[in-house]
Each structure stands twice: as C-alpha cells, then as structure tokens.
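These notes concern the structure reproduced below.
No value in this document is a laboratory result; all are computed from the given coordinates. Treat the numbers as computed from the prediction; the structure is a model and nothing was measured. Every residue, glycine as well, gets a Cβ built from its backbone with ideal geometry; the counts of neighbours run over all protein chains shown.
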Amino acid sequence: MPAVILKAGREKSLLRRHPWIFSGAIQQGDGEPASGETVDLLSSHKQFLARASYSPISQIRARVWTFEDKPIDANFFRRKIQAALGVRRVTCDENVSNAFRLIYAESDNLPGLIVDRYGDVLVLQSLTAGSEFWKETLADLLLEETGLKTIYERSDADVRELEGLAPHTGILRGHLSSFVFPITEHNLRFNVNLQSGHKTGFYLDQRANRLRLRELAKDKDVLDCFCYTGGFTVNALAGGAKSVLSIDSSADALELCKENIALNNLPATRHTALEGDVFHLLRKFRDEARSFDMIILDPPKFAPTAAQAERAARGYKDINLLAFKLLRPGGMLVTFSCSGGVDAGLFQKIIAGSALDAGVEAQILEHLSQGPDHPISLHFPEGAYLKGLICLRK
Ligand code: SAH
C-alpha cells in the first residue's frame with residue numbers, strides 16, 4: 001500500500017481524530033497514488049497514524065477511513081454502514097416518516113458518502129475521490145444492508161470539481177417507475193423530485209424543525225420566506241395557522257408548494273404564494289406597515305466557508321432586521337443559517353444586532369439544529385452547519 005509521510009508536527013489533527021490531511025502537511029509520498037486509492041498516513045518518524053483515501057487534485061489530499069491498522073475492504077465498509085444504520089434505527093421514527101439521511105459522510109466515518117432514503121429508494125451522493133473509488137462496492141452493500149432494491153445517484157454537487165470529478169446522475173441499481181413521488185414526514189406528505197429537487201431531493205435536515213413549527217403555528221398569521229416546496233408552509237397550515245404567505249424567487253418551487261398543500265388536503269384559501277426576492281419584499285412590507293405573528297427565514301447558504309462570513313453576516317442582518325420590524329409584539333421569528341462559514345455564536349450575535357437595530361426587544365426561546373439523522377462527529381465539527389433560533393419579540 002502506498003504510504004504518505006507527514007511533515008513533523010502535522011500529525012496533531014489526526015491524533016485528535018480529525019479526518020482530513022491538507023496537501024501542505026505532506027512531506028513525501030510513495031510515487032503518486034491513484035485517485036481514491038487507499039494510502040497509509042505515517043508520521044515524520046514513520047509511525048502509522050491512519051489509513052485514508054487519496055485525492056491527488058484536492059487541497060484536502062487525504063481523508064481518513066480508519067485510525068486502526070486494518071484492511072479497507074468490503075467488510076470494513078459493511079461494518080461502517082451497519083453502524084450508521086444502527087444509529088438511525090434508534091433516532092428515526094419510521095411510523096411517522098419514511099425519508100431520512102442514512103449516511104452523513106465524515107460524521108458517520110465515511111468521508112464523501114451521503115445516502116438519503118426516500119421511501120423505498122436510496123439516493124447516493126459521492127463527493128470525493130475515495131467514495132468514488134468504492135462506489136460500486138458501497139452500492140451493493142447498501143442494498144444488502146437495507147433490503148431495498150433501488151439506488152439513484154445524485155453526484156452533482158459542485159464540490160466534486162475540487163476532487164477532479166465530473167458530475168454524475170442516474171440510476172445506479174434497480175428501477176424507478178417515476179422520479180417524482182410522495183414521501184411522508186411526520187404524517188404529512190411531500191412530493192419529492194429525485195432528479196431536480198435541491199440537495200438529494202428534499203431538505204431532510206429541517207424535519208424536526210418543521211414539526212416544531214407546526215406545534216407553534218396555531219391561529220397565527222405566518223410569513224414563510226424562502227419557502228421552496230413548502231416544508232414550513234405545509235406544517236404551518238397543518239398546525240392551524242390562520243394564514244400563510246409563502247415567498248420564493250422560484251415560480252416552480254411555488255407551484256410545488258401549492259401541490260404539497262393540496263396533497264395534504266389543507267385549506268388553500270388560507271394560503272398565498274408570492275414570487276419574488278425576499279430582500280425586496282420585506283422592505284416593501286415594511287413600507288406598507290404590514291405585520292405577522294410568525295416569520296420564518298430559511299435562506300440558501302450565504303457563506304459556504306469562513307472567507308465569505310462577513311458578506312453573509314450583512315445578508316442575515318438585513319433580512320432579520322426587517323423581519324423583526326414586521327413582527328407583532330408577542331410574535332415569533334424562526335430564523336436559520338445553513339452557512340458552514342457562520343458558526344452558532346456568530347449567528348446569534350447577528351440576530352442580536354438585528355433586533356437592536358430594529359429597535360425591538362427579543363428573547364431566544366429555542367435553539368434549533370439539524371436532525372439526529374445528520375449527526376455531528378465530536379472530531380469533525382464541520383459537520384454542523386444548520387443553526388436556527390426561535391426568537392420572541394416582546
Ligand atoms: N425552507 C425550505 C428550504 C429553503 S431553500 C424547506 O424547508 O424545504 C432556499 C430557497 O430560497 C430556494 O427555494 C430558493 O429558490 C429560494 N431563494 C433563494 N434566494 C432567494 C431570494 N433572494 N428571494 C426569494 N427566494 C430565494
């Protein structure tokens with residue numbers, strides 16, 4: 001097996017069990033390992049540290065499969081998959097939902113591999129040279145361990161480029177009669193489009209938060225900003241909201257939102273869909289002195305990495321400040337950031353600044369996060385990206 005020797009002192013992150021080795025930490029390698037090939041990571045004293053997949057092009061040159069001296073083969077991956085499925089068996093309630101994240105890459109000790117389950121279909125996303133190298137083996141193991149028959153591949157995320165991988169989508173195993181079908185989430189139904197839906201089809205990470213919102217929405221006038229296909233909107237209506245106004249810049253998303261309301265036999269008379277830019281419409285509503293009892297802000301990623309944090313902070317500040325102004329006293333702001341580059345502490349500071357500049361007093365009632373099917377490894381904090389706050393305007 002090829003070995004990669006690290007520079008002196010650069011083994012520290014591995015000793016803390018962080019799974020990444022950057023190109024600058026490498027002193028020398030045995031020739032040039034192939035894309036995705038398994039390599040041994042050795043300290044400058046040639047001590048074994050970990051076994052990893054090699055990414056010849058990426059700045060993240062190696063990702064650890066294991067810190068133990070054991071073979072990386074089908075059996076190894078079977079055990080990792082079994083461990084990940086075991087966690088979901090404990091945390092995911094199949095009586096009320098049938099769509100979950102089954103494997104969350106580094107956070108489940110399988111760097112580069114994302115597997116989501118939508119009903120009887122698995123959607124696989126391979127993001128790195130290592131997961132690509134083992135993709136066929138992983139696909140077979142996934143079917144064996146879940147008992148399912150179909151895998152659709154959605155390896156179309158931009159980050160593949162950094163690994164020198166072209167996008168790839170299509171059926172990897174089995175058959176699909178339709179790319180669009182309904183899933184169940186906490187007893188509500190949502191149509192998911194595996195080909196064109198965001199991420200692998202749906203924002204599974206918000207499942208628990210959508211249920212929480214349902215519990216809080218009764219008799220409220222709700223504004224759902226960045227509504228996409230209506231995850232929060234449908235839950236607000238199901239929770240007995242008096243009215244829901246949903247905004248998205250995508251006309252297609254708004255159509256799907258209306259379909260999802262109909263799919264659940266919820267009252268369309270209480271719903272309005274508005275196509276437009278949230279930044280612009282919140283200003284317009286402020287000028288018209290409109291007000292709401294509950295406002296949801298679930299924008300797309302403003303800052304993928306810390307480098308864009310400052311610009312992102314201005315974006316979050318802008319919409320949250322306007323939202324605070326539109327909230328009636330006693331109203332709730334349910335606000336999210338999915339920017340990896342903005343941590344929970346910074347996000348809370350931005351929201352505090354927004355309330356201050358809006359001239360309102362507010363309290364945090366609850367901190368929200370990604371659901372337990374998106375677990376966070378203690379050694380890989382990068383896996384935590386979704387943070388949310390429920391704030392009460394006094
Ligand atoms: N809350 C949704 C997910 C939101 S995804 C759920 O639970 O499923 C972000 C959405 O924001 C996308 O649908 C995208 O079309 C929309 N969007 C992005 N920029 C926007 C803008 N400036 N104004 C309005 N919508 C925007």
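Since only Ala3, Thr137, Gln348 are under comparison, the one whose Cα sits farthest along the positive direction of the charge dipole of the chain, derived from C-beta charges on Lys, Arg, Asp and Glu, is Gln348. For region 251-262, the Karplus equation 6.51 cos²θ - 1.76 cosθ + 1.60, evaluated at θ = phi - 60°, returns couplings of 5, 4, 4, 5, 4, 5, 4, 5, 4, 5, 5, 5 Hz by residue, with Gly and Pro reported as x. From largest to smallest, the equivalent ellipsoid semi-axes obtained for region 7-47 from the alpha-carbon gyration tensor read 17, 12, 9 Å. Each of Val4, Val96, Val360 has some number of other Cβ atoms within 10 Å of its Cβ, and from fewest to most they run Val96, Val360, Val4.
Contact order for the chain, expressed relative to its length and based on alpha carbon pairs under 8 Å spaced 6+ residues apart, stands at 11 percent. Less than 5 angstrom separates the built amide H of Asp224 from those of Leu245, Ser246, Ile247, Ile296, all sequence-distant by 5 or more or on a different chain. Ranking of Ser126, Ser249 by neighbouring Cβ atoms within 10 Å, starting from the fewest: Ser249, Ser126.
Taking amide H atoms as placed 1.01 Å from N in the peptide plane, the amide H of Ala62 lies under 5 Å from those of Ile21, Ser55, each 5 or more residues away in sequence or on another chain. The GNM of the chain, with springs linking C-alpha atoms under 10 angstrom apart, assigns the highest mean-square fluctuation among Arg160, Arg311, Arg173 to Arg311.
Rounded to two decimals, the Cα-based Rg/Rh of region 214-313, with Kirkwood Rh, is 1.01. Charging the Cβ of each Asp and Glu at -1 and of each Lys and Arg at +1, and nothing else, the dipole of region 7-123 about its Cα centre rounds to 380 debye. Taking a sphere under 9 Å around the Cβ of Gln27 and counting the other residues whose Cβ falls inside, with K and R at +1 and D and E at -1, yields a net charge of +2.
Beta-bridge orientation, the chain: approximately 65 percent antiparallel, per DSSP, counting only bridges with both partners inside. Ordering Leu15, Leu148, Trp65 by the projection of their Cα atoms onto the charge dipole of region 1-157, which places +1 on the Cβ of Lys and Arg and -1 on the Cβ of Asp and Glu, puts Leu15 at the extreme positive end.
Does anyone have the angle between helix 278-287 and the longest principal axis of the chain? Alpha-carbon axes, 0 to 90°, nearest 10? Helix 278-287 sits at roughly 20 degrees to that axis. Are any of the pairs Lys46/Lys199; Lys7/Lys301; Lys220/Lys301; Lys80/Lys301; Lys135/Lys301 more than 32 Å apart by Cα-Cα distance, and if so, which? Violating the 32 Å limit, Cα to Cα: Lys46/Lys199; Lys7/Lys301.
So, in Å, what gap is there between the alpha-carbon centers of region 301-369 and region 79-113? Result: 30 Å between the Cα centres. Here is the list for region 262-331: GluC sites (Glu not before Pro) lying in DSSP coil, each with at most 11 other C-beta atoms within 10 angstrom of its C-beta, are Glu288. Per-residue Karplus couplings for region 103-118, computed as 6.51 cos²θ - 1.76 cosθ + 1.60 with θ equal to phi - 60°, are listed in order as 9, 10, 6, 3, 5, 10, 6, 10, x, x, 10, 10, 10, 10, 9, 10 Hz, Gly and Pro entered as x. When only Cα pairs below 8 angstrom with a gap of at least 6 residues are kept, region 188-296 shows a relative contact order of 28 percent.
Charge dipole (Cα centre; +1 on Lys/Arg Cβ, -1 on Asp/Glu Cβ; no other charges) of region 109-210 amounts to roughly 420 debye.
Using θ = phi - 60° in the Karplus curve 6.51 cos²θ - 1.76 cosθ + 1.60, the 3J(HN,Hα) couplings for region 296-304 round to 10, 10, 10, x, x, 4, 8, 9, x Hz; x is entered for Gly and Pro. Compared with the dominant principal axis of the Cα atoms in the chain, helix 207-216 is inclined by about 20°.
When the alpha-carbon atoms of the chain are used, the pair Rg, Dmax equals 22.6, 71 angstrom.
Considering only the other residues whose Cβ falls under 13 Å of the Cβ of Ala384, what net charge follows from Lys and Arg at +1 and Asp and Glu at -1? Around Ala384, the charge tally is -3. The residues Asp252, Asp108, when put in order of fewest to most other Cβ atoms within 10 Å, stand as Asp252, Asp108. Only Lys, Arg, Asp and Glu carry charge here, each on its Cβ (+1 for the first two, -1 for the last two); on that basis region 262-378 has a dipole of about 240 debye about its Cα centre.
Amide H contacts of Leu365: Ile390, Cys391, Leu392, each under 5 Å away and 5 or more positions distant or on a separate chain (H built 1.01 Å from N in the peptide plane; Pro and chain starts excluded). Averaged over residues, the count of other Cβ atoms within 10 Å places the peptides 229-240, 83-94 in the sequence 229-240, 83-94, highest first. Of all aspartates and glutamates in the structure, those lying under 13 Å Cα to Cα from Lys317, and not within fewer than 8 positions of it along the same chain, are Asp357. For region 59-192, the relative contact order is 21 percent, taking Cα pairs closer than 8 Å that sit 6 or more residues apart in sequence and dividing their mean separation by the residue count. Does anyone have the angle between helix 135-146 and the longest principal axis of the chain? Alpha-carbon axes, 0 to 90°, nearest 10? The angle comes out near 60 degrees.
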